[in-house]
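Here is the structure we will look at, set down as structure tokens.
The values are calculated or read from the model by the stated rules, or taken from the named source; none is laboratory data. No experiment lies behind these values; they were computed from the predicted model shown. All Cβ positions, glycine included, derive from the backbone under ideal geometry; neighbour counts span all protein chains shown.
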Protein chains: 2
Amino acid sequence: MEGTRQQLVEQIEQLIEQDSHAEISSTLAGVHPSKIAEIIDQMDRNAQVFVLLSLGNHITSEVLPELHESLREELLSILDEKQIADIAEEMDSDDAADLIHKLPEEKAEDVLAKIDPEERMEVEPLLKYPDDSAGGIMQTEVLKGLPESPAGQTIEKIRKLSQSNQIEEYHRIYVVDKNNKLVGTVSLGKLVISDETTPLWSVMESISPETTLSPMTDQEEVALLFRKYDLISAPVVDEDGELLGRITGDDIMDVIAKESEEDLLKAAGVGGDHLHPIHTPTFEKIKVRTPWIVFTLLGELLIAFVVLHNFQVTLEQFAILAAFMPAIMAAGGNVGVQTNTVVIRSLGMGTISSGQVVSILFAEMKVGLILGLLCGIMGAFTVEFINTGHPSNIMVGYAVFIAMISATLATSSIGVVLPMLLKKFNIDPAASSGPFLMMFNDILGSIFYLFVGTILLF
Amino acid sequence: MEGTRQQLVEQIEQLIEQDSHAEISSTLAGVHPSKIAEIIDQMDRNAQVFVLLSLGNHITSEVLPELHESLREELLSILDEKQIADIAEEMDSDDAADLIHKLPEEKAEDVLAKIDPEERMEVEPLLKYPDDSAGGIMQTEVLKGLPESPAGQTIEKIRKLSQSNQIEEYHRIYVVDKNNKLVGTVSLGKLVISDETTPLWSVMESISPETTLSPMTDQEEVALLFRKYDLISAPVVDEDGELLGRITGDDIMDVIAKESEEDLLKAAGVGGDHLHPIHTPTFEKIKVRTPWIVFTLLGELLIAFVVLHNFQVTLEQFAILAAFMPAIMAAGGNVGVQTNTVVIRSLGMGTISSGQVVSILFAEMKVGLILGLLCGIMGAFTVEFINTGHPSNIMVGYAVFIAMISATLATSSIGVVLPMLLKKFNIDPAASSGPFLMMFNDILGSIFYLFVGTILLF
């Protein structure tokens, strides 16, 4: 597969030299849009634009959503409003809305004005919902029918859509009353075995409030519902129960992958979006990564400041204390990260709730204490093993032991409380609790350790 | 919703006291299985078993897959082989295989022997595939038809399944020849508009090799294919093209969520499975978390050892050097984690390949250098600011500056090379590259720093 892709890239680069739009289009006809996206990804900028313009609006409309976000935005900045409008018209309403959402405001308005009115009516309502809400990811194209209309009529509708090549994987027929209020759904499996004259109401399933979405529901919550109820599609209705659109499982797969991706990236302080390691300009990377680096470094520099002002004499007499600082910080930090990760994940999966904070705290501190004892014993033994010959050596061992246990106890409790607190205030714990925890551990852990050491040794 | 769930829990606890199996069953009839699972989750062990035995095999078969793995295994260890076999018979083949896979070997064989032969024939073939392969997550229940059989015959089949309440969200009809070789698929949308007499071959879509899975394909790869081609279901065939089963989108959502979950948990050294913070026994938690804690602590204790043996004199004269050790380690560590995270994610999403290692290395080292310069300047200024009055103060500033830049340069290159190397040897980089990177950074970073400091100051 790698081979054929490389061959295609070379073949197309030759066609570009021959300035042959038509042949590029025919070469790529029948190639899956996501494969075309991969091919485009490997070319230089001029070639990318050339290929995109060769493809024709329909194929371009399917290729664009498959490109990396940064590349897509750059290519769109080269196309003019009319070109983008023509491409957007070929898209499903949700993809078109996504595309327009990401454009600069003025350009977005111009594009919208140039779109064919019928398509605009489908896209415009979507633009008012946030990108990451149910309304932002739904499609407005749904197959609807009145309760009293016979099954045969719906089948006829599907036949027409199929002839105009607009058929899709319609998983359900949404049954609405004359005010567009959703009253039930009919699966295609049910429709296929229904008599042509059977009215939809007699074969429809009733609406379950749990699996009917509101447009403002966060996409992460939508994904949890899909997983919980094993859904393949779900309707979105407004507060009056009017049908607005539907969300399908393939979009939810992307949501699940992107949300966890985002958590991972944010936790490492590299922003929420996936920035391609090669394609992203250095300046862009620096801009995204600097805040976290500077923030954490400031904390560590504060340690240097406090340590030197308060414990210079201690350290000059007992260099051995300094030598064990990294171990104290690592033990506290690692135990804290473990607790923090487990709690954040459990919150994300909804397996724990804020009411359980005390029992979780108790359970995790027990683990923290045991791991702290283990670390403390290992640390104290190492002190003995190094044996500086100094008579106070045993006191250094005690200091290491006490500091290890206090550090792990402290971080295992903060690892529980901090993410649950952040969650309560609607701050994403995955993104922010890690760095704070580490900073807390490093600053307080090292200072407490030297404090205990000073008391024991002087 | 929280309220009603709590009410249900209390209501059921009362019914348990009255020893009323039948009323529990009728109270929970119509409640969604995943909600029943949540209710069971909140009860004590005896109540859990009581409820499970009240539900009847059919509902139990739907509730069990929704329970947390650890709870499910404990409950299954209480049930006997016959009870488990009866429950497994009610399950889809993939869920039944999962259930049996997780049992102790001997018990698994006994359960299998007690299952009704027809169901056993569906489940047994699944047991030979790894849990996390396409074969392990597929269902063997598929709707099949011969190419020449008329559409009406397939519709009749669906009608029969629907009457025996076995209808499911069948998304596609798989067209196979008389040797069970897959030759095409027909969507329900297509079937619904087909004439009863139309043979399946005339309306079927041909098989695309890209979206036809082999049973040994890793589930993570399967998920990537589903996302890439926006699939809702996909067939699994053996090397001769014989149809083995199908995988549906709802299972893939769980795969995507679990795989990224696993990455996150492994990276924090808390194993690959989600262990509930409250329900998991302390001993179990300790067992899973200890290796990482001990491994990293050993590295940090090695630092103490090396530092003391080589730099005791340096540290006793220049306590200020010790005070900046945490800052050096943090700068190198954080820059490395950022690079590492971006590279691991890009590898996971398939946006970079091993052939691009040099250009990625170059791009990331540029970022590492700039961030290192920033950290170095901040560090050196802090040294100046603290100003111990010692004439060598400026040299400490130089040492901090040089150590910061070397550390970030080193970790940003290891953050690229290490995960790509691990990937090449088929080791999951998400799980293992983080701890190694941190250890490398802490050990070499601190030693190199003190080495530079010693040279500059003596």
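Points to keep in mind about this one:
- Residue match in region B:126-140 (condition: away from chain A (no Cβ under 14 Å), out of contact with any helix residue (DSSP H, G or I) (no Cβ under 9 Å at 6 or more places or on another chain) and modelled with pLDDT of 90 or more): no
- The set of residues in region A:28-52 being more than 17 Å from residue A:76 (Cβ to Cβ) and within 14 Å of chain B (Cβ to nearest Cβ) consists of A:30, A:31, A:32, A:34, A:35, A:38, A:39, A:42, A:44.
- Yes/no for residue A:280 being at pLDDT 85 or above and either more than 7 Å from chain B (Cβ to nearest Cβ) or assigned to a helix (DSSP H, G or I) (or both): no
To keep it simple, each residue is scored yes or no on (1) part of a strand (DSSP E or B); (2) touching a residue at least 24 places away in the same chain (Cβ under 8 Å); (3) of a type in the set (D, E, K, R).
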{"residue": "B:129", "(1), (2), (3)": "no, yes, no"}
{"residue": "B:148", "(1), (2), (3)": "no, yes, yes"}
{"residue": "B:173", "(1), (2), (3)": "yes, yes, no"}
{"residue": "B:179", "(1), (2), (3)": "no, yes, no"}
{"residue": "B:184", "(1), (2), (3)": "yes, yes, no"}
{"residue": "B:190", "(1), (2), (3)": "no, no, yes"}
{"residue": "B:195", "(1), (2), (3)": "no, yes, yes"}
{"residue": "B:225", "(1), (2), (3)": "no, no, no"}
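- Taking the numbered list (1) assigned to a helix (DSSP H, G or I); (2) at the interface with another protein chain (Cβ under 8 Å from one of its Cβ atoms); (3) out of contact with any Ser or Thr (no Cβ under 9 Å at 6 or more places or on another chain) in turn, residue A:364 passes all entries but (3).
- Considering only residues in region B:104-147 that are out of contact with any Lys or Arg (no Cβ under 8 Å at 6 or more places or on another chain) and among the basic types (Lys, Arg), the one that is surrounded by the fewest Cβ atoms within 10 Å (Cβ to Cβ) turns out to be B:128.
- Subset tally (residues that are under 23 Å from residue A:94 (Cα atoms), among the β-branched types (Val, Ile, Thr) and more than 25 Å from the chain's Cα centre (by Cα)) for region A:36-76: 2
- Test result for residue B:338, within 7 Å of chain A (Cβ to nearest Cβ), crowded, with 23+ Cβ neighbours inside 10 Å and not hydrophobic (A, V, I, L, M, F, W, C): yes
- For beta carbons closer than 7 Å, sequence separation of 6+ or different chains, a first residue in region B:44-68 that is charged (D, E, K, R) and a second that is not in a loop (DSSP other than H, G, I, E, B), the qualifying pairs are B:62/B:33; B:66/B:33; B:66/B:34; B:66/B:37.
- Within region A:244-277, tally of residues that are outside any loop (DSSP other than H, G, I, E, B) and at the interface with chain B (Cβ under 7 Å from one of its Cβ atoms): 11
- Yes/no for residue B:158 being at pLDDT below 90, more than 24 Å from residue B:77 (Cα to Cα), assigned to a helix (DSSP H, G or I) and in contact with a Gly (Cβ under 7 Å, 6 or more places away or on another chain): yes
- Residue A:241 being closer than 30 Å to residue A:293 by Cβ, more than 10 Å from every other protein chain (Cβ to nearest Cβ), out of contact with any Pro (no Cβ under 7 Å at 6 or more places or on another chain) and surrounded by fewer than 18 Cβ atoms within 10 Å (Cβ to Cβ): no
- Filter pass, residue B:352 being more than 8 Å from chain A (Cβ to nearest Cβ), out of contact with any Asp or Glu (no Cβ under 6 Å at 6 or more places or on another chain) and not aromatic (Phe, Trp, Tyr): no
- Within region B:197-219, the set of residues being part of a helix (DSSP H, G or I) and buried (at least 18 other Cβ atoms within 10 Å of the Cβ) comprises B:200, B:203, B:219.
- Sole exception among (1) within 8 Å of chain B (Cβ to nearest Cβ); (2) more than 21 Å from the chain's Cα centre (by Cα) for residue A:211, by number: (1)
- Among (1) among the aliphatic types (A, V, I, L, M); (2) within 8 Å of chain A (Cβ to nearest Cβ); (3) surrounded by 22 or more Cβ atoms within 10 Å (Cβ to Cβ) - the single one residue B:286 does not satisfy: (3)
- Helices (runs of 4 or more DSSP H) completely within region A:53-115 that count 1 or more residues being within 14 Å of chain B (Cβ to nearest Cβ): A:57-63, A:69-78, A:93-101
- Residue count for region B:295-332 under the criterion of being more than 8 Å from every other protein chain (Cβ to nearest Cβ) and surrounded by 24 or more Cβ atoms within 10 Å (Cβ to Cβ): the result is 4.
- Test: residue B:174 is at pLDDT below 90, in the same structural domain as residue B:208 (by TED's automatic domain parsing) and within 30 Å of residue A:152 (Cβ to Cβ): no
- Among the residues making up region A:131-140, those that are of a type outside the set (Val, Ile, Thr), in contact (Cβ under 8 Å) with a residue 40 or more places away in the chain and not in a helix (DSSP H, G or I) are A:132, A:133, A:138, A:139.
- Check on residue B:400, more than 21 Å from residue B:444 (Cα to Cα) and either more than 10 Å from chain A (Cβ to nearest Cβ) or assigned to a helix (DSSP H, G or I) (or both): no
- With respect to the conditions (1) in the same structural domain as residue B:430 (by TED's automatic domain parsing); (2) within 30 Å of residue B:144 (Cα to Cα); (3) among the aliphatic types (A, V, I, L, M), residue B:298 lacks only one, and its number is (2).
- Residue check, residue A:319 of a type in the set (A, V, I, L, M) and without any contact (Cβ under 8 Å) to a residue 12 or more places away in the chain: yes
- Boolean, residue A:425 is at pLDDT below 90 and surrounded by fewer than 24 Cβ atoms within 10 Å (Cβ to Cβ): yes
- Any chance residue B:309 is under 27 Å from residue A:324 (Cβ atoms) and part of a loop (DSSP other than H, G, I, E, B): no
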